[in-house]
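Structure, as structure tokens:
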Amino acid sequence: MLPASIQITGELLSAAEVQDICESLKEDSVRLLSVRGCQLSDRDFGRVCRSVAESHSLAQLNLNLGVVSSISRTRHLADALKTNRSLQTLFLHGSPLLDAGLVTLNSALSTHPALVCLDLGDCMLGDEALGLICGMLPPDGAKSGLRELTLSANPGISSKGWARLAIAVAHSSQLRVLNLDYNPLGDQIAGMLAVAVASSRTLEVLDLEGTGLSNQSAQVFLDMVENYPTSLRVLVLAENDISPELQQQICDLLSEGEDEDDREAPPLQPGPASSSALLPIRDKYQPIRDKYQPIRDKYQPPAWLPHSNSSPQMVLLTSGLGESLLAETEM
């Protein structure tokens, strides 16, 4: 029997339900486990973590929206990750980890042999945590690292911290997707990120929605995509003070680059379908009355695939008045 998925959202989990989850994990019959926004006792959380440690089939674990609510739970999760060898994707969006929580998780995260996608959005992180995260983006020739990283809505990170991340991104040999939406970056940090994107040979998606950018940043990105070769395929600039004309110019240039790559790429070889892979479902946040509220899941399909292998290409435009248009096309 193929591994299945368990997806529960916003419920109070009973001891019996937790027992069923644990048994399924130990039997290697679960590939995706999501208890997003669920409530369960500390004892039951520990039981789930011990079962995650024993699982050889689990590829995606979603603990978004406050499930990891204390340092003791963070320790349970760290212990599980040190033993588990199958997990590829971990979502902790909306967990009050703080820097201390990342310190607790760092060893388990940075040495995990299979982890390639990590969501630490809205986790109340600061510069110390970001320094540890940079260690998960090893430079060319080093060990494998993250392919997708989400750091949305972590306003406690300073300009110095973001500059350090830009350097790590420039030299990362793995990173393909970077989500920094709803951080107060501003034009200065955006300029550093543009240099990082120009240097990176792998980064394909950069989400800068709602990061306090102006036409100055857009002009820098326009100059980059117009005059320098880049792997970038998707640049999200919605909810910024950027003119629609500049956004459209960037969009058109990125689309042209994608068309050229399609013409140069060798034909796909027939092979087995990736039906058993798992595509990450990311919680997309935007500020409402100075608070971040979940409004939709970033990705809908229930299977995980690296973005570099997925066919849809997305271009997100904004009118500059708070209204956005999401256009998704098959390339």
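The values are calculated or read from the model by the stated rules, or taken from the named source; none is laboratory data. The structure presented is a predicted model; accordingly, all values stated were derived computationally and were not measured. Positions of Cβ are backbone-derived with ideal geometry, glycine not excepted, and every protein chain shown enters the neighbour counts. SASA here: full protein model, heavy atoms, side chains in, ligands and nucleic acids out. Shrake-Rupley method; radii C 1.70, N 1.55, O 1.52, S 1.80 Å.
Key figures for this structure:
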{"quantity": "Residue within the stretch 40-56 that is over 16 Å from Ile6 (Cα atoms) and in contact (Cβ under 8 Å) with a residue 40 or more places away in the chain present", "calculated": "no"}
{"quantity": "Search result, residues across the stretch 199-223 that are open to solvent by 10 Å² or more (accessible area, probe 1.4 Å) and modelled with pLDDT under 95", "calculated": "Ser199, Arg201, Thr202"}
{"quantity": "Restricting the stretch 54-82 to residues that are farther than 21 Å from Leu120 by Cβ and surrounded by fewer than 23 Cβ atoms within 10 Å (Cβ to Cβ), the residue that is nearest to the chain's Cα centre (by Cα)", "calculated": "Ser57"}
{"quantity": "Test for Gln39: is it in contact with a strand residue (DSSP E or B) (Cβ under 9 Å, 6 or more places away or on another chain) and open to solvent by less than 10 Å² (accessible area, probe 1.4 Å)", "calculated": "no"}
{"quantity": "Residue satisfying all of: in the stretch 15-34; of a type in the set (Val, Ile, Thr) and in a helix (DSSP H, G or I); surrounded by the most Cβ atoms within 10 Å (Cβ to Cβ) among these", "calculated": "Ile21"}
{"quantity": "Some residue of the stretch 38-49 being under 30 Å from Pro184 (Cα atoms) and either not in a helix (DSSP H, G or I) or not aromatic (Phe, Trp, Tyr) (or both)", "calculated": "yes"}
{"quantity": "Hits in the stretch 130-165 - residues which are among the small types (Gly, Ala, Ser), open to solvent by 10 Å² or more (accessible area, probe 1.4 Å) and assigned to a helix (DSSP H, G or I)", "calculated": "Gly131, Ser159, Ala163"}
{"quantity": "Index of the failed condition, Pro184 passing every other in (1) more than 12 Å from Leu203 (Cα to Cα); (2) open to solvent by 20 Å² or more (accessible area, probe 1.4 Å); (3) at pLDDT below 95; (4) not aromatic (Phe, Trp, Tyr)", "calculated": "(3)"}
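Residues checked against (1) closer than 19 Å to Leu58 by Cβ; (2) among the β-branched types (Val, Ile, Thr); (3) without any contact (Cβ under 8 Å) to a residue 40 or more places away in the chain; (4) part of a strand (DSSP E or B):
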{"residue": "His76", "(1), (2), (3), (4)": "yes, no, yes, no"}
{"residue": "Ser86", "(1), (2), (3), (4)": "yes, no, yes, no"}
{"residue": "Gly94", "(1), (2), (3), (4)": "no, no, no, no"}
{"residue": "Asp99", "(1), (2), (3), (4)": "no, no, yes, no"}
{"residue": "Leu102", "(1), (2), (3), (4)": "no, no, yes, no"}
{"residue": "Ala108", "(1), (2), (3), (4)": "yes, no, yes, no"}
